[in-house]
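The values are calculated or read from the model by the stated rules, or taken from the named source; none is laboratory data. Since the model is a prediction, treat every value here as computed from it, not as a measurement. All Cβ positions, glycine included, derive from the backbone under ideal geometry; neighbour counts span all protein chains shown. Calculation scope for accessible area: heavy atoms of the full protein, side chains included, ligands and nucleic acids excluded. Shrake-Rupley method; radii C 1.70, N 1.55, O 1.52, S 1.80 Å.
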Amino acid sequence: MNVRESEAVEALLLAAGHERVAGEEDAELVIVNSCTVRQKAEEKALGKAGNLLAAGKITGVMGCAVKRLGADIFRRLGSLHFAVGPRRFSEIPSIVEKIISVPASVRPRRIADFGDNEVPSGLGAHPVRKPTGTFADVQSFVTVMIGCDNRCSYCIVPDVRGHEWCRPAEEIIAEVKCLASRGVKEVCLLGQSVLSYKDGSFAFPDLLREVQKIDGISRIRFTSAHPSGCTDALIAAYRDCDKVCRHLHLPVQSGSDRVLAQMGRRYTAEEYLSAVAKMRALDPEFSVTTDVIVGYPGESEEDFEMTRALMEKALFDNAFIFKYSPRPGTKSAQLPDDVPTGEKERRNQILLADQERRGVERNSRLVGTVRSVLVEGPSKRNAQRWSGRDSGNRIVAFEPPAGISVGDMLEVRITEAHAQVLIGEVV
Ligand code: SAH
Ligand code: SF4
């Protein structure tokens, strides 16, 4: 979501006559888009802004950490030029104008716009760039909703991003059509809890069906999904829409019903597994990925073992493991953060090792099969190869045939499986 909002700000600044430079060394102005989901992310963003100020750049911070800190951000970064909350990013061009329209000696600092529950304008702004020859030319994020009303006990998102608000369906569809006309082939529909999307009686599965109809778009992805949204209507939309990728990122957070109840997740381990089973009934290779938190307050060894067991049953294709980080103002921040750091780390390592093994096992089943791969560009790991993703979001690397371009759809026979990547030959 931050990538998408940074892009929207880029579009607004380009429209106001600014130019994008290759790297921060060449920039006069740098804006740090911050995250505060975990304490570490926030520290990283503020540290980065501090370094930019020390290097003499005009510096602004946008995003969630700004909303959490409010005016305190200027106590942390006394010389910061501006700070803008997540729902106020469309104000950035006019703030920048105020700063650069005066001589450096009288340049204002500490301009603040924290915002509240307003609806930002500019949610649909996309920069019109020269083709970059990268995947950014053919893939685009599209915001369908902002904010979140779920209130999971550990999560600061509802406090900093405000209440759920859904964009009108016509606006989203018009945006995807416009992107398709510019050569975009894959869209990823974004929201904190996209399956709760609603525009009157028009719900998320209806949106998938409408985007399916748009010529030029060949793949539809979306994130993030709350397990409560895995309804029959969603399954039916998957079944009917071949452009909707066979992948669901479905954060489980824990495998212990006791912990799930404390987290306010509104499902049990068994209900979660039945949602996974519905997806795999559509296609046995349906890829399910997840987020897990280790070391939630009071998480016992037994709770942790339940998470391990659930992950084994769900046969996740990939998993992101997070060490619990208490966030001020959330419900769980009132509970003692009683799992020691070393123990959180141990649990983290165990789940990562389990997932590594499971990833290899899951991917090995694909050796010999042919996957349709949307080409992203030269592989980052091996200069001889190019890579792309299959419908299940698995990275597939291969030797590029002559004349290959980013955005091509190739059929690749898998010859080798690793936990995070498949290797294959173009057929
Ligand atoms: N809206 C999305 C994700 C929000 S944050 C969703 O519900 O899926 C992304 C992930 O960060 C969450 O899924 C969770 O696993 C993790 N996370 C959120 N708050 C956290 C915290 N306080 N400590 C550790 N991990 C956290
Ligand atoms: Fe946070 Fe839960 Fe909302 Fe996701 S669904 S953003 S974890 S409150």
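Out of all the residues in segment 81-90, is one or more at pLDDT 95 or above, in contact with a Gly (Cβ under 9 Å, 6 or more places away or on another chain), within 16 Å of ligand 2 (Cβ to nearest atom) and over 30 Å from ASP408 (Cβ atoms)? Scanning segment 81-90, I find at least one residue that is at pLDDT 95 or above, in contact with a Gly (Cβ under 9 Å, 6 or more places away or on another chain), within 16 Å of ligand 2 (Cβ to nearest atom) and over 30 Å from ASP408 (Cβ atoms), so the answer is yes. With respect to (1) closer than 30 Å to ARG327 by Cβ; (2) away from ligand 2 (no atom under 11 Å from the Cβ), the lone exception for ALA225 is condition (2).
Per the conditions (1) part of a helix (DSSP H, G or I); (2) more than 22 Å from the chain's Cα centre (by Cα), the sole criterion not satisfied by TYR267 is (1).
Candidates in segment 235-270 are the residues that are within 16 Å of ligand 2 (Cβ to nearest atom) and over 22 Å from GLY298 (Cα atoms); of these, the one that is surrounded by the most Cβ atoms within 10 Å (Cβ to Cβ) is LEU248.
Can you tell me which residues in segment 216-233 are more than 11 Å from ligand 1 (Cβ to nearest atom) and aliphatic (A, V, I, L, M)? Across segment 216-233, the qualifying residues are ILE217, ILE220, ALA233. In segment 203-211, the count of residues that are more than 11 Å from ligand 2 (Cβ to nearest atom) and closer than 23 Å to VAL375 by Cβ is one or more.
Only one of the numbered conditions (1) open to solvent by 20 Å² or more (accessible area, probe 1.4 Å); (2) away from ligand 1 (no atom under 12 Å from the Cβ); (3) not in a helix (DSSP H, G or I) is not met by LEU189, and that is (1).
Select from segment 223-234 the residues that are open to solvent by 30 Å² or more (accessible area, probe 1.4 Å) and of a type in the set (S, T, N, Q) and write down the one among them that is nearest to ARG394 (Cα to Cα). So, considering only residues that are open to solvent by 30 Å² or more (accessible area, probe 1.4 Å) and of a type in the set (S, T, N, Q), the one nearest to ARG394 (Cα to Cα) is THR223.
Quickly run through segment 126-155 and pick out the residues that are away from ligand 1 (no atom under 16 Å from the Cβ) and open to solvent by 30 Å² or more (accessible area, probe 1.4 Å). Steps first, please.
Quick first cut of segment 126-155, residues away from ligand 1 (no atom under 16 Å from the Cβ) only: 126-140, 142.
Answer for segment 126-155, where residues must be away from ligand 1 (no atom under 16 Å from the Cβ) and open to solvent by 30 Å² or more (accessible area, probe 1.4 Å): VAL128, ARG129, LYS130, PRO131, THR132, GLY133, THR134, PHE135, ALA136, ASP137, GLN139.
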